[in-house]
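Handing you this structure, nothing more for now.
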Amino acid sequence: MIPARRSGLATAAAAALLLAACGSYPLAKVYRLGDPGPATPDVASDAGRPVFDLRTVSAPDDVDTTDILRSEGANRVVASPTGRWAERVSVGVTQALAAALSRRLPDVVIETRSAYEAPRRILVDIDRFEIGSSGRCLIAARWGITGADGKTGPWSDQGTFVETATSGTDAAAAAAMTLAANQLADQIAITVRRTLAVPPK
């Protein structure tokens, strides 16, 4: 039987080691994709404005996580120990695009949680979402506009958008990925504009 004094000392030592281990790693900071919205967002009526339902972006399983992943070599990715995304990549990109498209298309309603089936939908597939060891941040995506029947119209496109982080920090990577997402939003907005003259099916 272990004496109570020795048992207590062992417990205290184990607790001290645990606290030391926890203290050696800083708490991970949390980052959102997208530009911050205005402190007091504008309130506008939806009446008379066309509605586009932005569906949750599709992303590959290996990047659809809250980890901030960095590519190291051809087949290796490493999760940052100091930062993470506030949401899974698919959700974060969707929210970033919704905000960016609303700013670029003030005469259009961009819905992400529509209570009804909008006559037009925006579908976005992310093929690549990468942060390279050199700071090269890349989003490759395909997008299209569909009618209520789910069929993609002639308004579909694809592109690769690249920005370089200003440093090796998680904050710089988040800022660069936001710029790449804004480039994607610019091109989706052009596609949306092309559809406005065509009545919904």
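Go through the range 64-102 and give me each residue that's among the charged types (D, E, K, R), in contact (Cβ under 8 Å) with a residue 60 or more places away in the chain and either surrounded by 14 or more Cβ atoms within 10 Å (Cβ to Cβ) or touching a Phe, Trp or Tyr at 6+ places or on another chain (Cβ under 6 Å) (or both).
70
Return yes or no: is residue 107 surrounded by fewer than 20 Cβ atoms within 10 Å (Cβ to Cβ) and either modelled with pLDDT under 90 or outside any loop (DSSP other than H, G, I, E, B) (or both)?
no
Is one or more of the residues making up the range 111-122 surrounded by fewer than 18 Cβ atoms within 10 Å (Cβ to Cβ), basic (Lys, Arg) and in contact (Cβ under 8 Å) with a residue 12 or more places away in the chain?
no
Which pairs do you get when a residue that is closer than 24 Å to residue 65 by Cα and modelled with pLDDT of 85 or more, found in the range 26-44, comes within reach of a residue that is surrounded by 10 or more Cβ atoms within 10 Å (Cβ to Cβ) and aromatic (Phe, Trp, Tyr), reach meaning Cβ atoms under 8 angstrom, with the pair 6+ apart or on two chains?
That search, which allows pairs on different chains as well, returns 30/85; 31/85; 32/85; 33/85.
In addition: Of everything in the range 156-201, what is surrounded by 14 or more Cβ atoms within 10 Å (Cβ to Cβ), aliphatic (A, V, I, L, M), without any contact (Cβ under 8 Å) to a residue 60 or more places away in the chain and part of a helix (DSSP H, G or I)? Give them in sequence order.
Within the range 156-201, 172, 175, 176, 179, 180 meet the criteria.
Here's another thing I want to ask about it. Looking only at residues in the range 112-147 that are in a strand (DSSP E or B) and small (Gly, Ala, Ser), which one is modelled with the lowest pLDDT?
147
Same structure, new question: Would you confirm whether or not the range 83-93 contains a residue that is assigned to a strand (DSSP E or B), closer than 16 Å to residue 132 by Cα and more than 16 Å from the chain's Cα centre (by Cα)?
Checking the range 83-93: not a single residue is assigned to a strand (DSSP E or B), closer than 16 Å to residue 132 by Cα and more than 16 Å from the chain's Cα centre (by Cα).
Next question. Determine which member of the set 179, 101, 184 is under 17 Å from the mean Cα position of the chain (by Cα), at pLDDT 95 or above and farther than 26 Å from residue 77 by Cβ.
101
The values are calculated or read from the model by the stated rules, or taken from the named source; none is laboratory data. Because the structure is predicted, anything quoted here is derived from the model rather than measured. Cβ atoms come from the backbone with ideal geometry, glycine included; neighbour counts cover every protein chain shown.
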